[in-house]
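Heads up: the structure comes next, in C-alpha cells.
The values are calculated or read from the model by the stated rules, or taken from the named source; none is laboratory data. The model shown is predicted, which means the values in this text are computed figures rather than measured ones. Heads up, the Cβs are rebuilt from the backbone with ideal geometry, glycines too, and the neighbour counts pull from every protein chain shown. Calculation scope for accessible area: heavy atoms of the full protein, side chains included, ligands and nucleic acids excluded. Shrake-Rupley method; radii C 1.70, N 1.55, O 1.52, S 1.80 Å.
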Amino acid sequence: MTTTSTARTDGAPVPSAVEFPMDRAAGCPFDPPPGLKAEQEQGPLRKVRLWDGSTPWLVTRYADQRTLLSDPRVSADITRPGYPSQAPVRGASFSFILMDDPEHARQRRMVTAPFTIKRVEAMRPAVQKIVDGLIDTMLAGPPRADLVQAFALPVPSLVICELLGVPYSDHDFFQQNSGTLIRRTADPEVRAAAHDNLIGYLDELMGHKIARPADDLLSGLGTRVGAGELSRREAAEMGVLLLLAGHETTANMIALGTLALLEHPDQLALLRETEDPKVVAGAVEELLRYLNITHTGRRRVALEDIEIAGEVIRAGEGIVVPNDIGNRDPEVFADPDRLDVRRDARRHVAFGFGVHQCVGQPLARLELQVVYSTLYRRIPTLRLDARIEDLPFKHDGSVYGVHELPVAW
C-alpha cells in the first residue's frame, strides 16, 4: 500500500508506514502494545497505517507529545480532512473535546465549575460513603465476587449520576450503550445506534431538567439552553460525554489498578499499610502513569507545516499521540516498566496535555484515592480468583481494562 510522501529536514526519505501497533495480547497486560515500545526505540516519529488506509504520524516520545498537544497549529476537530479517526465519522461533531478554540473553550467553561479541585474535594465524604457501602454489601455476601460488577462500575456510576442528575436506576441502559460506543470492533451502524440511544435519553432528560431544574449539572446546562447559549443537541452531547467519561474510564482504572496491585504484592502492601494521604495520592499518579487505559492515543491533524524531531509534519497530515507509551519514556521516568507507588509520577500525560486535557481529572483522582485507600484495608485478604491469563481483557475497546475481575477473600 502506498503512503503519503513527505521529506525530512535532513533530506532523507520518510520511512514507509507500518500498521498502527495496537495488539497488547502478545505482551504484559499492563504494558503498552509491544509494537509501540519498538517504535519508540526506533525513533520519535513514524508513519503508521490506520483502518482506512490513511498514514498519520505516530509520536512516541514524551517531550514531543507534550509539544504537539499544546501547539495551536494542531487541531482536535474530527471533521477536518486528514484527521486520523478511529472509525468512520458520521456528520458533524457536537462534542467540545473534538472542537478547537474558541468554541471548544466556550463550551468547556460551561462544565468546569463542578470539577474544580475545591468543589470535588467537598465530595470526598459522599464518595467515601459510596465506597464503604459497596464494600459492606460485598462483605455481607459470599467471599467472592466479580469486582467489576460489584464495585468498580458502581462507584463512578453512582458518583457521576449524582453529579449530573441522571437516575442511577437507568445505569444498565447507559452502560450497555456506552460499552458499544467505545468498542472499536463494533459495526459502525451499531455504534451509531448506541450513540443515538444515549443522545435521545439525555435529550429527554434535558427536557425534564429545563421544566423542573434541580441542583445538578444537567439542570445547569438546561439553563444555558433556555438562555440560547447552547442548543438541546449540544447540551445532550455534553451529557453523553460526561456520563461516558465519568464512569467508563474510572471503572476500568479501579479494576485494572486492583489487578496490577494484586500482581505486585509488595506495592499493594505499601498502599494498604499507609495512613498518609500523600502516599495514596502518589500511588494514584503512578498507577495512572503505569496503566494508561486510553490506549488508542489522542488524535490530531496539523493545520500548518510543523517541524519537530527532525521531521516535517505537513499541513493536513494526521497525528496520533499514544499517551501510554509517552508515560513509559525512559528519558522521563527511570525504569519506566516498573510499578513503583513511591515514584513521583505527577508529570504523566494520562489525562492528556494542553487545552484539551481531561476536565474531569480532579474527580477521577479523588475517586481513585478513596478506592485505593479503602478497599485493600477493609478487605486485606483480597486475592485474584482466576489465572491472569484467563481474564477477558478489553483489547477491542478504546478504553482498556478487564470485562470481569473474579476476586475472593
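Here Arg24 clears all of (1) basic (Lys, Arg); (2) open to solvent by less than 30 Å² (accessible area, probe 1.4 Å); (3) under 18 Å from Pro330 (Cβ atoms) except the condition numbered (3).
Scan Gly228, Gly246 and give me the residue that is part of a helix (DSSP H, G or I) and not hydrophobic (A, V, I, L, M, F, W, C).
Values: Gly228 fails: part of a helix (DSSP H, G or I).
Only one candidate qualifies: Gly246.
In summary, Leu198 fulfils each of the numbered conditions (1) surrounded by 18 or more Cβ atoms within 10 Å (Cβ to Cβ); (2) more than 22 Å from the chain's Cα centre (by Cα) with the single exception of condition (2). Taking the stated definitions as given, is Val371 open to solvent by 30 Å² or more (accessible area, probe 1.4 Å), in contact (Cβ under 8 Å) with a residue 24 or more places away in the chain and either closer than 26 Å to Cys161 by Cβ or over 15 Å from the mean Cα position of the chain (by Cα) (or both)? Criteria not met by Val371.
Find the residue count for the stretch 302-325, including only residues that are in a loop (DSSP other than H, G, I, E, B) and open to solvent by less than 10 Å² (accessible area, probe 1.4 Å). So that I can check it myself, show each step before the final result.
Keep residues of the stretch 302-325 that are in a loop (DSSP other than H, G, I, E, B), which gives 303-305, 309-310, 314-317, 322.
Imposing the further condition that a residue be open to solvent by less than 10 Å² (accessible area, probe 1.4 Å) reduces the set to 322.
Total meeting the criteria: 1.
Let me confirm something: among Gly239, Gly220, Gly257, which residue is within 22 Å of Phe173 (Cα to Cα) and either assigned to a helix (DSSP H, G or I) or among the β-branched types (Val, Ile, Thr) (or both)? First the steps, then the outcome.
Numbers: Gly220 fails: within 22 Å of Phe173 (Cα to Cα); Gly257 fails: within 22 Å of Phe173 (Cα to Cα).
None of the others qualify; the one that does is Gly239.
Among the residues of the stretch 374-409, the ones that are open to solvent by 30 Å² or more (accessible area, probe 1.4 Å), hydroxyl-bearing (Ser, Thr, Tyr) and at pLDDT below 95 come to 0 in all.
Confirm whether Pro142 is at pLDDT below 95 and closer than 30 Å to Trp409 by Cα.
Details: at pLDDT below 95: no; closer than 30 Å to Trp409 by Cα: yes.
So Pro142 does not fit the description; no.
Inside the stretch 38-52, can you point out the residues that are within 21 Å of Pro330 (Cβ to Cβ), acidic (Asp, Glu) and exposed (fewer than 13 other Cβ atoms within 10 Å of the Cβ)? It would help to see each step written out before you state the result.
Residues of the stretch 38-52 that are within 21 Å of Pro330 (Cβ to Cβ), as a first pass: 38-46.
Imposing the further condition that a residue be acidic (Asp, Glu) reduces the set to 39, 41.
Within the stretch 38-52, just Glu41 meets the criteria.
Among residues of the stretch 104-115 being under 28 Å from Thr180 (Cβ atoms) and at pLDDT 90 or above, the one that is most open to solvent (accessible area, probe 1.4 Å) is Arg108.
Of all the criteria given as (1) surrounded by fewer than 16 Cβ atoms within 10 Å (Cβ to Cβ); (2) modelled with pLDDT under 95; (3) hydroxyl-bearing (Ser, Thr, Tyr), the one not satisfied by Thr4 is (1).
Put simply, of Gly91, Gly53, Gly82 the only residue that is of a type in the set (Gly, Ala, Ser), modelled with pLDDT under 90 and on the phi > 0 side of the Ramachandran plot is Gly91.
When you look at Arg289, is it at pLDDT below 95, surrounded by 22 or more Cβ atoms within 10 Å (Cβ to Cβ), basic (Lys, Arg) and out of contact with any helix residue (DSSP H, G or I) (no Cβ under 6 Å at 6 or more places or on another chain), yes or no? The answer is no for Arg289.
Restricted to the stretch 94-103, and to residues there that are assigned to a loop (DSSP other than H, G, I, E, B) and at pLDDT below 90, the residue that is most open to solvent (accessible area, probe 1.4 Å) is Phe94.
Of all residues in the stretch 149-185, those that are of a type in the set (Phe, Trp, Tyr) and open to solvent by less than 10 Å² (accessible area, probe 1.4 Å) total 2.
Of the residues contained in the stretch 56-79, one or more are found to be at pLDDT 95 or above, out of contact with any strand residue (DSSP E or B) (no Cβ under 7 Å at 6 or more places or on another chain), aromatic (Phe, Trp, Tyr) and not in a loop (DSSP other than H, G, I, E, B). May I ask you to verify whether Val284 is farther than 30 Å from Ile319 by Cα and either in contact with a helix residue (DSSP H, G or I) (Cβ under 6 Å, 6 or more places away or on another chain) or at pLDDT 95 or above (or both)? Answer is no for this residue.
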